[in-house]
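Read-outs: derived from the displayed coordinates by stated rules, not from any lab. All figures in this text were calculated on a predicted structure; none of them were measured in a lab. In this analysis, Cβ positions are derived from the backbone assuming ideal geometry, glycine residues included, and neighbour counts consider all displayed protein chains.
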Amino acid sequence: MLFGTFVFSMSKSKIILPIIIISQFCCTSLWFAGNGVMSDLITNYNLEEGASSHITSAVQFGFIIGTLLFALFTIADRFSPSKVFFVSALFGAIFNVSLIIENQTLFSLICLRFFTGFFLAGIYPVGMKIATDYFDKGIGKSLGFLVGALVLGTALPHLLKDFLHDYSWKNILISISILASFGGFMMLVFVPNGPFRKAGTKLDITICFSIFKNKNFRKPAFGYFGHMWELYTFWVFVPILLKTYANLHSDVVFNIPLLSFIIIGIGSLSCVLAGYLAEKFGAQKIAFYALLLSGFCCLISPFIFSIDNQIIFIGFLLLWGMFVIADSPLFSTLVAKNAPSKDKGTALTIVNSIGFAITIISIQIISYLQENFNSNYIFMVLAIGPIIGLFSFSKQKNLN
């Protein structure tokens, strides 16, 4: 009884949002845990160098399939989202730490990373769903913190490569799995169902399709899809952008892992800033300008390589790293606000599923262009997403 009272009192306090943010960061660290020890996996299990792309893609595919099934069966709306988050974190941690088991093959590694990605579907979008259940007002600011936590989790492997190379790669995976389990436990114990939650009462797989008939929902969803075309491809190619510039300018020497962490990680600050700006100027307006600026970065990126000033080049990538993610929590805010209350979890999940499927296409196209044309102009292709997103928004009046 006393423990229940304690949990209830916490749910009424301002500590709820920090707990959600910490839990989200702890659990999304699973996402690129494999990337942080990729060279060790290849060496210890005698894999070919090309195996890294398959192992990385497996997580993305797992997340896509997971979000699709979570959405089709409306898991986050029919069941307590905190419990869904905890179970997903626990299973994700188990599949992640299983990478240390001896005598792995490429197939087994791909399967383990696939299922890690699958259960991330019960973490990232469900975490956003939990936030929307607690914060009817100020949701843009809340999701800004949550997406910022995801950004730091995404950037973390690059930092691990630079600073933790003296530690056993198995200990790194064990630590991340413990961290994820801890995050799931925190969410289960300290974050009960939010006051604005409206539970779905039955299975209705038609929601995934019928929800797009709502124009006010469809517009920010398509803006998000355009944003996703650019986002993950930029993140994947940040080290390549740095390496390309260093090769073009022989006097330049970069600490690529550390710079990659900083360039990607700085996006967490822009997510938080965008959330605060959205409170004052509206989520739709800030999302529009962030998408516009990131699209502009795509278009001018080829010309930045010719500037013989590494400070300007790094400064440009830092700005791009901020603009490319700043609109993400705002699109999620608009999606959540324009979806029926009882279907918010499903709406966020299906939009995430489609968005991450788009990232696979974008990454594969840019990779193909790079291999076959070896031109810096290929990064202008990333502007296609922002252009589509901006066109979608330009036809829409106030969504906030």
Practice item. Give the range of the longest stretch in the chain that excludes all GluC sites (Glu not before Pro) found in loop regions by DSSP and having at most 10 other beta-carbon atoms within 10 Å. Key: 103-400
Check your understanding: If you take the charge dipole of the chain about its Cα centre, with +1 on Lys and Arg Cβ and -1 on Asp and Glu Cβ, which of L259, A336, I21 is farthest toward its positive end?
Key -> A336
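Can you tell me the alpha carbon radius of gyration of the chain divided by the globular rule-of-thumb value 2.2 N^0.38 Å? Don't skip to the end; give the middle numbers.
Numbers: Rg = 20.4 Å, N = 400, 2.2 N^0.38 = 21.4 Å.
The chain yields a ratio of 0.95.
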Study note, to complete from the structure: For the S175, S39 Cβ pair and Förster radius 25 Å, calculated FRET efficiency rounded to 0.05 is 0.90
Revision key, fill the gap. Here FRET efficiency (C-beta to C-beta, H249 to Y167, R₀ 30 Å, nearest 0.05) is 0.35
Check your understanding: In debye to the nearest 20, how big a dipole does region 213-394 give about its Cα centre with +1 on each Lys and Arg Cβ and -1 on each Asp and Glu Cβ?
Key -> 900 debye
Check your understanding: Along the charge dipole of the chain, Cβ charges K/R +1 and D/E -1, which of L109, G153, L99 sits furthest on the positive end?
Key -> G153
Review point. Given springs between every Cα pair under 10 Å in a Gaussian network model of the chain, which of S177, S98, S328 has the largest fluctuation?
Key: S98
Exercise for review: Please tell me which of these pairs span more than 20 angstrom C-alpha to C-alpha: K83/K141; K83/K213; K213/K280; K215/K337?
Suggested key: K83/K141; K83/K213; K213/K280
Review point. For region 15-191, what does the alpha-carbon gyration tensor say about shape, rounded, prolate or oblate, given a ≥ b ≥ c as the root eigenvalues, a/c under 1.5 as rounded, and a/b over b/c as prolate?
Key: prolate
Revision key, fill the gap. Placing each pseudo-label 7 Å from Cα in the direction of the beta carbon, V87 and I365 end up separated by a distance in nanometres of 3.7 nm
Study note, to complete from the structure: Dividing the mean separation of Cα pairs under 8 Å (6+ apart) by the residue count of the chain yields a relative contact order in percent of 26 percent
Exercise for review: Return the distance in nm (one decimal) between the two label points of a simple spin-label model at S375 and F185, each offset 7 Å from Cα along Cα→Cβ.
Suggested key: 5.5 nm
Practice item. Counting helices only, and only those DSSP H runs with n ≥ 4, report the 222 nm mean residue ellipticity of the chain as the sum of -39,500 (n - 2.57) divided by its residues, in deg cm²/dmol to the nearest 500. Key: -25000 deg cm²/dmol
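Suppose every K and R has +1 on its Cβ and every D and E has -1 on its Cβ; what is the size of the dipole of the chain about the Cα centre, in Debye to the nearest 20? Walk me through the numbers on the way to the answer.
On the way: 25 positive and 17 negative charges, 401 e Å.
With Lys and Arg at +1 and Asp and Glu at -1, about 1920 debye.
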Exercise for review: Report, in debye and to the nearest 20, how large the dipole of region 15-191 comes out about its Cα centre when Lys and Arg carry +1 and Asp and Glu carry -1 on their Cβ.
Suggested key: 500 debye
